[in-house]
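As C-alpha cells, the structure follows; a few thoughts come after it.
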Amino acid sequence: MQKPARNDIAAFPELFADMDQFIEELGDSIRRASLRFAVAAIPGGGLVLFILSRVG
C-alpha cells in the first residue's frame with residue numbers, strides 16, 4: 001500500500017472542508033475594500049488635481 005504524499009489534500013479532507021466558504025468570504029472582503037478605496041480615491045484624486053491646477 002502506498003503512503004499518501006504530504007501535499008495530498010485527500011489525505012486530510014477535514015482540514016479543507018470549509019475552503020470554499022473561506023475563499024468566497026475572502027473575495028467578498030476584497031471587493032468591499034476595493035470599493036471603499038475607489039470611493040475615497042476618486043474624489044481625493046480630483047481634489048489633488050484641482051489644488052495642483054490652482055498652484056501651478
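Read-outs: derived from the displayed coordinates by stated rules, not from any lab. Here the structure is a predicted model, which is why all the values come from computation and not from measurement. Cβ placement follows ideal geometry from the backbone for every residue including glycine, while neighbour counts extend to all protein chains displayed.
Here the simple spin-label model places points 7 Å from the Cα toward Cβ, and for F37 and E14 these points are separated by 3.8 nm.
Summing +1 for each Lys or Arg and -1 for each Asp or Glu, what net charge is found among the other residues whose Cβ lies under 15 Å from the Cβ of V39? Mind dumping the intermediate values first?
On the way: positive: R31, R32, R36; negative: none.
Result for the neighbourhood of V39: +3.
With both labels modelled 7 Å from their Cα along Cα-to-Cβ, the I23 to I51 distance reads 4.3 nm.
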